[in-house]
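> Just passing along the structure, written as structure tokens.
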Amino acid sequence: MQPHSPVDPQDQPHVPGPSLWPVGFAVGVVVLLVGLIVSWWIAGLGALVALAFAFLWVRDLTVGTPLTHTPEVPPESPTGPALPATDGPAAMPLSLSDERFPRSKFLELSTLGLGGVIGGIVTAPALGFMIAPAFLKQGQKDHDLGPLSDFPEGRYVVATYMADAAQGEVSRRTAYVRFNGQQNGQPSFSVISNHCAHLGCPVQPNGPLDEQNKKQHGDVTLIPTISIAGFGCPCHGGQYDTEGNRTSGPPVRALDRYSFSIRNGRLFIGKPFSVSHVDGAGASAQIHKWKLSFPGEPVSGLESWLYPIQPPH
Ligand code: FES
């Protein structure tokens, strides 16, 4: 029978105790990923939480490693009669604490590191495709619609253009543009989006088009209307007046509009924005402007509280 050898606790490999830091790190990563979709502020908060918990986690793992090893003090010489050779602890026990980097710690850290590298390789391309469009500002460049003389006063013109020539026809947009005359010495325009404020179907002018006076400049096509009584949506019957205000049907707000600018006597269409409603008409209209929202989302009143976060789009 083998003699029993007592195990010195100092010889046990260091095993980190249970910790909540990994849970906090995972929560931070989840908040970061959600933030990338809904808001940069939330993404930043998630990154901070993940970094803080990652720091605490790594610190926990490294505390207690024998990087600051204190040499063992040899036991005092036993007194009394010598023990038989088969009794007592082994003459030269294997002391794990003598290893500068214990094998268990090396495996633990290398596994974490390898997991991090693999996770980064898998995640980086997906994040790149997700984030890059926000920096490329796709579809947000001003577009030249042509000389001001192509827009008769008081009549809507159906303007279609390619928002991104590299993408071709798939990027074609439609806007309804009306020259309202001069306002404070500056030309005034109403530039209305054709995206229905219900589910985004293309709204149509409620009236005939003047195809005889159609104009073409590069990728821009301009067709004046003869006389319209507003705009209508073919999908679910939503109706709007000539300022884009909803008059009936399921849309929840007025039609979105585009900003515009005038350079060297030419009209440029800019970024879209949402509109709750418009008071008045023409050059003196008061436009209640809001951040661009998705179709179906109210932008004012109590119902807008149901949509507190606007993902970037
Ligand atoms: S999408 Fe226009 S009314 Fe429904």
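The values are calculated or read from the model by the stated rules, or taken from the named source; none is laboratory data. Just so it is clear, the model here is predicted, and its values are computed rather than measured. So basically every Cβ, Gly included, is an ideal-geometry build from the backbone, and we count neighbours across all protein chains shown. What goes into the accessible areas is simple: the full protein's heavy atoms, side chains included, and nothing from ligands, DNA or RNA. Shrake-Rupley method; radii C 1.70, N 1.55, O 1.52, S 1.80 Å.
> Would you check if there is a residue in region 188-197 being farther than 25 Å from PRO298 by Cβ, more than 16 Å from the ligand (Cβ to nearest atom) and open to solvent by 30 Å² or more (accessible area, probe 1.4 Å)?
no
> Would you check if LEU292 is under 24 Å from LEU145 (Cβ atoms) and either assigned to a loop (DSSP other than H, G, I, E, B) or within 23 Å of the chain's Cα centre (by Cα) (or both)?
Yes; evaluated as a whole, the condition is true for this residue.
> For region 36-79, how many residues meet the condition of being open to solvent by 60 Å² or more (accessible area, probe 1.4 Å), modelled with pLDDT of 70 or more and not in a helix (DSSP H, G or I)?
Matching residues across region 36-79 total 1.
> Scan region 165-214 for residues that are among the hydroxyl-bearing types (Ser, Thr, Tyr) and touching a residue at least 60 places away in the same chain (Cβ under 8 Å) and jot them down.
Those that are among the hydroxyl-bearing types (Ser, Thr, Tyr) and touching a residue at least 60 places away in the same chain (Cβ under 8 Å): SER188, SER190, SER193.
> Is it the case that some residue within region 172-187 is under 28 Å from HIS288 (Cβ atoms) and within 16 Å of the ligand (Cβ to nearest atom)?
Scanning region 172-187, I find at least one residue that is under 28 Å from HIS288 (Cβ atoms) and within 16 Å of the ligand (Cβ to nearest atom), so the answer is yes.
> A further question follows. What strands (runs of 3 or more DSSP E), lying completely within region 214-282, carry at least 2 residues that are within 16 Å of the ligand (Cβ to nearest atom) and of a type outside the set (Phe, Trp, Tyr)?
Fully inside region 214-282 and qualifying: 246-248, 266-279.
> For region 236-270, name all the residues that are surrounded by fewer than 20 Cβ atoms within 10 Å (Cβ to Cβ) and hydroxyl-bearing (Ser, Thr, Tyr).
THR247, SER248, SER259, SER261 - these are the residues of region 236-270 that are surrounded by fewer than 20 Cβ atoms within 10 Å (Cβ to Cβ) and hydroxyl-bearing (Ser, Thr, Tyr).
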